[in-house]
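Nothing in this text is a laboratory measurement; each read-out follows from the coordinates by a stated rule. Everything numeric here is computed off the predicted structure, so don't read it as measured data. When we count neighbours, we look across all protein chains shown, and the Cβ atoms used for this are built from the backbone with ideal geometry, even at glycine.
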């Protein structure tokens, strides 16, 4: 059997809608299979299986810290999409491209529910591929006019600022203090310690952190977590992997999951920041891969 190599052509908005559709149909993230994290000599190997009645799939991803010095991607991987009833292979997708599409789509889906309707100023921590992808995805859900990029190295920050300016945005390089004027704050870095002072974040702002799935790493501080209303993909996963919440000692009773948020069951206050922590789940890859396959086969 020949397996089709499927390119990723969905727009960020289409990916957001694919994720929302799965949750609106009743998927419970709390019951989804856990990711397997396997230490290997090069770094970490991740196995992420998921299935529903129509499709099944698995992503094999690698995290290789030394690849940056080799001029290679830090994240590697492939995704195999299967027919649900027969488990026959349907398509193979680039795992990096899939992750680059679905991760910001998850963030955008959460922030579509959490951000103020007129949110226009994004403070973006990070200047790698996920920063670009998050900017594109957030433009699909909010009327951004201003972007402040905060990063460790000047050259990548300038490149992202130039990209944002090319999209018609008022974009500048800035520092961590920029969160004091933010409507949205998104962290997509490899940081292991908080990136900014949580006391500076305005009550009206929404914050998302996506850079880590390790219980000992975090991008936001305890002060922000203590102040904010808290949202995650799934409580079961967050309380195992999300250092942003585990280090401050957050109880599961404080967390609303993404299904509850999308289905209108979660309370979204406006008198304090809203914080969404994402670690990545296999059902998200399957939702986007299936939507891509259906888009191609229906064309």
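If you take every DSSP beta bridge fully contained in the chain, what fraction is antiparallel? Give it as a percent rounded to 5.
Approximately 45 percent, going by the DSSP bridge assignments.
Any idea what the relative contact order of the range 104-281 is, in percent, if you count C-alpha pairs under 8 Å spaced at least 6 apart?
Reported as a whole number, the value is 22 percent.
Using only Cα atoms, find the angle between the long axis of helix 12-24 and the longest principal axis of the chain, and express it within 0 to 90 degrees, rounded to the nearest 10.
70
At 7 Å along Cα-to-Cβ for each site, give me the label-to-label distance between residue 251 and residue 24 in nm.
Reported label-point gap for residue 251 and residue 24 is 3.5 nm.
Only helical DSSP H runs with n ≥ 4 go in: add -39500 (n - 2.57) per run for the chain, normalise by residue count and round the 222 nm mean residue ellipticity to 500 deg cm²/dmol.
Roughly -9500 deg cm²/dmol at 222 nm, from the helical runs in the chain.
In a Gaussian network model over the chain where Cα atoms closer than 10 Å are linked, find which of 70, 112, 218 has the largest mean-square fluctuation.
Greatest mean-square fluctuation among the candidates belongs to 70.
Give me the compactness ratio for the range 73-211, meaning the Cα radius of gyration over 2.2 N^0.38 Å.
1.15
Nearest 10 degrees, 0 to 90: what angle lies between the long axis of helix 154-166 and the longest principal axis of the chain (Cα atoms)?
Once rounded, one gets 80 degrees.
Using the count of nearby Cβ atoms within 10 Å as a rough guide to exposure, how do 253, 236 rank from fewest to most?
Final ranking by Cβ density, sparse to dense: 253, 236.
For the chain, build the convex hull from the C-alpha positions and give me its volume per residue in Å³.
Output value, Cα hull per residue: 133 Å³.
Cα centroids of the range 237-267 and the range 141-156: how far apart, whole angstrom?
After rounding, the separation between the Cα centres reads 26 Å.
Relative contact order of the chain: what whole-number percent is it, with Cα pairs under 8 angstrom and at least 6 residues apart?
Computed over the chain, the figure is 19 percent.
Identify which of 277, 59, 265 has the largest mean-square fluctuation in a Gaussian network model of the chain, with springs joining Cα atoms closer than 10 Å.
265
For the range 1-148, restrict the atom set to alpha-carbon positions and state the Rg and Dmax in Å.
In Å, with Rg to one decimal and Dmax whole: 16.9, 50.
According to the square roots a ≥ b ≥ c of the eigenvalues of the Cα gyration tensor, what is the shape class of the range 176-286, taking rounded for a/c under 1.5, prolate for a/b larger than b/c otherwise, and oblate for the remainder?
It is oblate, given that a/c is not under 1.5 and a/b is not larger than b/c.
Springs between alpha-carbon atoms under 10 Å, Gaussian network over the chain: tell me which of 284, 165, 113 tops the mean-square fluctuations.
165
Could you state the angle between the C-alpha long axis of helix 129-139 and the longest principal axis of the C-alpha atoms of the chain, as a value from 0 to 90 degrees rounded to the nearest 10?
Its long axis makes an angle of about 80 degrees.
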